[in-house]
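Trainee: Pasting in a structure now, in structure tokens, and then I'll have a few things to ask.
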Amino acid sequence: MAEEEETNEQSVADALAEGDEGGSGGGLGKILRFALPAGVLVLAIGAGYFASQLGGSNAAPSEAVAEEEPPPPPTDDEEYKYYDMEPIVVNPNVPRLERYIRATLTLAIRKDDYGEASKVIEKRMPELKNSLILYLSDCSLDEIRGTKNLNRILREVQDSFNDRLWPNQRPLIVKVGYKEWVIQ
């Protein structure tokens, strides 16, 4: 039995040596010299990745939580009234226009400012819808996926609406939220 193992080891060593001595340059020995360390490296990287996914990461957990926390709920002092916009349907910036977004937004306005703000919003609603359609139709699918991107869209829409409706004044739209968001 031991004699067979020595014979097998010797034949493997001979095969590797023959690959090195051959003039073809593509012998089995050269392939194994490259493939074996590369395979071990790939396995080590994969194992490290899966271990980090299972065990979690301690790298800056407070920063990750701080970025994804929703804004604080309104206090009793700041009660809001909500203005629901009409739904819009837009094709995002994709090659074959095979997808669409159906969005309905809700604008949060302080109760004290609601009367004045709702009149201005109703008067300029075509302009607001137009800017929203242009903005969303310029977004790619990667720009409208995930919580971070959806929150960014809401902030940018809020800033845009406030700048359009009340330039160089105190913004009256306090928050913008999704009532409906569908991507097909």
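Just so you know, all these numbers are worked out from the coordinates, no wet-lab data involved. Computed from a predicted model, the values in this text were never measured in an experiment. Virtual Cβ from ideal backbone geometry, glycine too; neighbours counted across all protein chains shown.
Trainee: Kindly provide the set of residues from segment 150-184 that are polar (S, T, N, Q) and within 21 Å of the chain's Cα centre (by Cα), ordered by number.
Mentor: Across segment 150-184, the qualifying residues are Asn151, Gln158, Gln184.
Trainee: Looking only at segment 96-120, count every residue that is without any contact (Cβ under 8 Å) to a residue 12 or more places away in the chain and either surrounded by 15 or more Cβ atoms within 10 Å (Cβ to Cβ) or outside any helix (DSSP H, G or I) (or both) and tell me the total.
Mentor: 3
Trainee: A follow-up question, please. Restricted to segment 134-184, and to residues that are of a type in the set (Lys, Arg) and in a loop (DSSP other than H, G, I, E, B), which residue is surrounded by the fewest Cβ atoms within 10 Å (Cβ to Cβ)?
Mentor: Arg170
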